[in-house]
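Visitor: Here it is, the structure in full.
The values are calculated or read from the model by the stated rules, or taken from the named source; none is laboratory data. Note that the structure is predicted; figures quoted are calculated from it, not measured. Counting neighbours? That spans all protein chains shown, and the Cβs are built from the backbone with ideal geometry, glycine included.
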Amino acid sequence: MISILKPQLLALVGVVTVCSLLSAEAPDGQTRMKKDLTYLASDKLEGRGVGTQGLNLAADYIRDEFKNAGLNVQAVGGDAFHKFSIVTGSELGKDNSLEFVGPKGESIKLELNKDFQVCSFGSGGTIANGIVFGGYSIEDADNKYNDFTDADVKGKAVIVMRRTPFQSDPKSPFAGQHGGISMHASLRSKVSNAFQKGATAVLFVNDPYSIAKTGQDRFEAARKQLVTAAIEFDGMNPEKPDAVAQSKKKLNAAVKRYKTADAAQKGVDDLMTFGYGGRGSDDSLPIFHITMAACDKLLKAAGQKSLKDLEAMIDHTSKPQTTELKGWTAKANAAVTRIKAEIKNIIGVLEGKGPLADETIVIGAHYDHVGMGGPGSGSLARGAKEVHNGADDNGSGSTALLELARRLAARKEPLPRRLVFIAFTAEEMGLIGSARYVKEPVFPLDKTIAMFNMDMVGRLKDDKLTVFGTGTAKRWDDLIKKTNDKVKLKLAFKPEGFGPSDHSSFYGKQIPVLHLFTNTHSDYHRPTDDVDKINFDGMSRIVDLLETIVIDTANQKERPKYVAIKQTAQIARSGSRPYFGSIPDFGGEGAGYGISGVAPGSPADKGGLKGGDRIIQFGKNKIGSLDDFDLALRKFKPGEVVDVVVNRAGKNVSLKVTLTKPR
């Protein structure tokens, strides 16, 4: 099958071979879509990850197909590409240092990669500040535990243990749900707490309990492997020397693993590799990871108990052991720079004809995916570092977009309104491409009458299609039902205009939307989302449905009337936070938490927040990022009135927001 050809061979065989392998019985539309998707979801395109050459190849392909279909691909200053730059990662420079200096000038110098590591999710910068042992950097009012109750960490470097207290107790108030990890163990949650208290740097250190348990677990696993290998070797038939030799080899390897694990039963105090935890922000603070040995050396020199003893005291007394290491200073430099990449939306245009030709209908689908997987990519395949082809997500939507463009471009007479086809970039990183378009529109948004979006339309099963946004214009329900009489899909109507795809960016600008979706599946964000699992007949029927909806919308004299829907569509639960109603702007830059819009009728809307605001204070909590905002929001309860400070066009504006119950 095509999907298992090597990339080099696929490039050589090209379109002719692809077409020859398709069924002669397939309708022309399906043949075209198979050709498109076979290329877009090939290994050659590297999973269409942001910052990869594969994503650029996909952009070139989509532009060329728009052009071949007859679309205008020069709407963006003579180009099809709506370009901009974003931060895609972090890079470690050469000048990194960490030293502890005592009250009498004594020095403990740490060595990079041996005693400490710089963390990619922190900022670059130089510090020379006092030091506080900050326990676990947890603030939890519900469980009456606060590492900062009796300590002032403002202007200090804070030593923070990973994980949470009471780990040996499965009924601990900090135990995660269903055996998972508590939110209080999150690295970003710990950093956010320290940041809000005014810390200038965070020095993470592994907690002794986890390291010891890891060592014990590794030893027990090695012991079981040794026993299994020994029993197998003992039962070998001596008349089969090759099998005996192979079994002996396995036994020797098991013995070696056992000895290594036995020597490391206390655990291996591994440092986080640079890149673990993803990229950060220049508005954060320097973050380091030090070894337990280095931490203990500092604690001893400062007259404090060992890390293990401090951990035991917290567990025994249920009280934090936060303390300042008086007279000691952390002198450090973190050389962290942000990696930027130029990315682009791809725009193709079919001009309208007549008195309504200056009005626009946008039809979109994102063409990026999660690349090769790995930390921070969005991959759900833990540890996988292989091509995530994203045939369904969202190769299917991109392919359907191309097919719809071809069909509508082939009409003999132009439609009354302009059709703008957009393949969005960086959707997987937070709707960045569509958010940038509505911020810098090529065609006026006040003349944009509707936006139709396709995201994951390749796995139609049992004829079930979900349509989001059906309540965002009064005419949608009847139009969709009438259109579906011919296609005969089993439709699930979802009225919400805000949801986890690019249509949200347009709905935030009060534009009616529809979003088509065939549901998630076990291959979602995993390397197994391949072309051989795509239902091309189903995709063709979905394109049939949307084609008729677009034509009808373009032909109506009156534009669809926007309807404000308060709810936000969710594929997964949002948790127990009070409802606020902001829409993040993941592509924005600057201090605080930027928002691209607010849900109609939400607490944020009623409180006066607007798209483009950057929240810098929430109650008494300083906000430097979305993580800070999320943590701060969890400290409040429904019904509480929160003082919110936003930076709006360079000026700070104070607002009051009344939170409501979770949704």
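Visitor: Any residue at all in the range 179-187 that's crowded, with 17+ Cβ neighbours inside 10 Å, modelled with pLDDT of 95 or more and under 23 Å from the mean Cα position of the chain (by Cα)?
Guide: No, the range 179-187 contains no residue that is crowded, with 17+ Cβ neighbours inside 10 Å, modelled with pLDDT of 95 or more and under 23 Å from the mean Cα position of the chain (by Cα).
Visitor: Has the range 444-455 got any residue that is surrounded by fewer than 18 Cβ atoms within 10 Å (Cβ to Cβ), touching a Lys or Arg at 6+ places or on another chain (Cβ under 7 Å) and in a loop (DSSP other than H, G, I, E, B)?
Guide: For the range 444-455, residues surrounded by fewer than 18 Cβ atoms within 10 Å (Cβ to Cβ), touching a Lys or Arg at 6+ places or on another chain (Cβ under 7 Å) and in a loop (DSSP other than H, G, I, E, B): absent.
Visitor: So Val160 clears everything in (1) under 30 Å from Ser625 (Cβ atoms); (2) in the same structural domain as Glu440 (by TED's automatic domain parsing) except one condition, right? Which one?
Guide: Only one criterion in (1) under 30 Å from Ser625 (Cβ atoms); (2) in the same structural domain as Glu440 (by TED's automatic domain parsing) is unmet by Val160, namely (2).
Visitor: Sticking with this structure for a sec: Kindly evaluate Ala435 against the criterion of being closer than 30 Å to Gly280 by Cβ, assigned to a strand (DSSP E or B), out of contact with any Pro (no Cβ under 6 Å at 6 or more places or on another chain) and not basic (Lys, Arg).
Guide: Considered against the rule, which asks whether it is closer than 30 Å to Gly280 by Cβ, assigned to a strand (DSSP E or B), out of contact with any Pro (no Cβ under 6 Å at 6 or more places or on another chain) and not basic (Lys, Arg), Ala435 comes out as no.
Visitor: Within the range 604-621, can you find the residues that are over 10 Å from Tyr593 (Cβ atoms) and either buried (at least 18 other Cβ atoms within 10 Å of the Cβ) or touching a Pro at 6+ places or on another chain (Cβ under 9 Å) (or both)?
Guide: Answer for the range 604-621, where residues must be over 10 Å from Tyr593 (Cβ atoms) and either buried (at least 18 other Cβ atoms within 10 Å of the Cβ) or touching a Pro at 6+ places or on another chain (Cβ under 9 Å) (or both): Ala604, Asp605, Gly607, Leu609, Gly611, Gln617, Asn621.
Visitor: List pairs: first in the range 69-82 and within 14 Å of Tyr437 (Cβ to Cβ), second polar (S, T, N, Q) and at pLDDT 95 or above, Cβ under 8 Å, 6+ apart or cross-chain?
Guide: Filtered contacts from the range 69-82: Ala80/Gln74; Phe81/Asn345; His82/Asn345.
Visitor: Does the range 66-73 contain at least one residue that is more than 31 Å from the chain's Cα centre (by Cα) and surrounded by 18 or more Cβ atoms within 10 Å (Cβ to Cβ)?
Guide: Yes, the range 66-73 has at least one match.
Visitor: Sticking with this one: Looking at the range 510-527, can you tell me whether even one residue there is part of a loop (DSSP other than H, G, I, E, B), surrounded by 22 or more Cβ atoms within 10 Å (Cβ to Cβ), touching a strand residue (DSSP E or B) at 6+ places or on another chain (Cβ under 8 Å) and not aliphatic (A, V, I, L, M)?
Guide: yes
Visitor: Also: For the range 579-608, which residues satisfy the criterion of being of a type in the set (A, V, I, L, M, F, W, C) and either at pLDDT 85 or above or touching an Asp or Glu at 6+ places or on another chain (Cβ under 7 Å) (or both)?
Guide: Phe580, Ala591, Ile595, Val598, Ala599, Ala604
Visitor: Still on this model: With the checklist (1) touching a residue at least 40 places away in the same chain (Cβ under 8 Å); (2) touching a strand residue (DSSP E or B) at 6+ places or on another chain (Cβ under 8 Å); (3) crowded, with 20+ Cβ neighbours inside 10 Å in hand, flag the one item Asp627 doesn't pass.
Guide: (2)
Visitor: Which condition number in (1) closer than 19 Å to Phe195 by Cα; (2) surrounded by 17 or more Cβ atoms within 10 Å (Cβ to Cβ) is the one that Leu659 fails?
Guide: (1)
Visitor: May I pose another question? Do we have any residue at all in the range 126-137 that's touching a helix residue (DSSP H, G or I) at 6+ places or on another chain (Cβ under 6 Å), surrounded by 14 or more Cβ atoms within 10 Å (Cβ to Cβ) and either without any contact (Cβ under 8 Å) to a residue 12 or more places away in the chain or within 30 Å of Glu589 (Cβ to Cβ) (or both)?
Guide: yes
Visitor: Right, here's the next one. Taking the options Lys344, Lys326, Lys340, Lys331, name whichever one is assigned to a strand (DSSP E or B) and buried (at least 18 other Cβ atoms within 10 Å of the Cβ).
Guide: None of the others qualify; the one that does is Lys344.
Visitor: Of the residues Ile583, Ile551, only one is within 25 Å of Lys661 (Cα to Cα), in contact (Cβ under 8 Å) with a residue 60 or more places away in the chain and touching a helix residue (DSSP H, G or I) at 6+ places or on another chain (Cβ under 8 Å); which?
Guide: It is Ile583.
Visitor: So which residues in the range 103-153 are of a type in the set (S, T, N, Q) and in a loop (DSSP other than H, G, I, E, B), if there are any at all?
Guide: Of everything in the range 103-153, those that are of a type in the set (S, T, N, Q) and in a loop (DSSP other than H, G, I, E, B) turn out to be Asn113, Ser120, Ser123, Ser137, Asn143, Thr149.
Visitor: Here is a list: Ser42, Ser123. Which entry is in contact (Cβ under 8 Å) with a residue 24 or more places away in the chain and out of contact with any helix residue (DSSP H, G or I) (no Cβ under 9 Å at 6 or more places or on another chain)?
Guide: None of the other options fit; the residue is Ser123.
Visitor: Do you know which residues across the range 631-651 are farther than 15 Å from Ile595 by Cα and either free of Cβ contacts under 8 Å to residues at least 40 places away in the same chain or outside any helix (DSSP H, G or I) (or both)?
Guide: Correct list: Arg634, Lys635, Phe636, Lys637, Pro638, Gly639, Glu640, Val641, Val642, Asp643, Lys651.
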